[in-house]
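Data block below; observations after.
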Amino acid sequence: MFTANQALTLNHSARDLKALIQPNGFTAQGVTDRERVDTVLLALKRTGWQVTAWPEQWMGMGEAYPVVLRKRALELRFISSPQYRRYVTYTWHGPDPVPLLEGASWADFDQQGRLVIAQEGRLYAMWGTEARELIDLNVHQPPRHSSAASSDVATPIIQANRS
């Protein structure tokens, strides 16, 4: 989440931050402990997402008790499995199916009102019922610090269900 033009707060523990890519020209800081869903929810609420379900307990409760947000016809579910693996899923509640949401790591609406989806390093935009690839970012990955390649860094909460 950007807290100023050149300041970035990552939803990773400050301990793990050193193993992550350090962006040039930015001050990056981590959260004090492990990733926090409320940090992500605050950022999402600022962009128009609305919480529609907040269970009393969601940690370890699986798909039966997710934290659910909605923006127009797009639904986002934060799930914490019984093994405490956290992931998100997206569901489309519009008239036409959006197959790219299966396995999407991120989805939202852009300033033009198009549904934009990130999946496997590629960014797509929906044009009616057709998905068009905007860019393949796999070739633009910045080099990682040598410690990041061998380090076991925390998995971000914004991760699609791949099982």
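At-a-glance table
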item	result
Additional length obtainable on full extension of the chain from Thr9 to Ser81, 0.36 nm per residue less Cα span	23.4 nm
Nonlocal amide H pairs with His12, under 5 Å, H built at 1.01 Å	Val31
Amide hydrogen neighbours beyond the local backbone of Gln119, cut-off 5 Å, H modeled	Ser105, Tyr124
Where labels lie 7 Å past Cα in the beta-carbon direction, separation of Leu137 and Asp38 in nm	2.8 nm
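Every read-out reported here was derived from the displayed coordinates using simple, explicitly stated rules and does not represent laboratory data. Bear in mind the structure is a predicted one, so any value in this text is a computation, not a measurement. With ideal geometry, Cβ positions are generated from the backbone for all residues, glycine too; neighbour counts draw on all protein chains shown.
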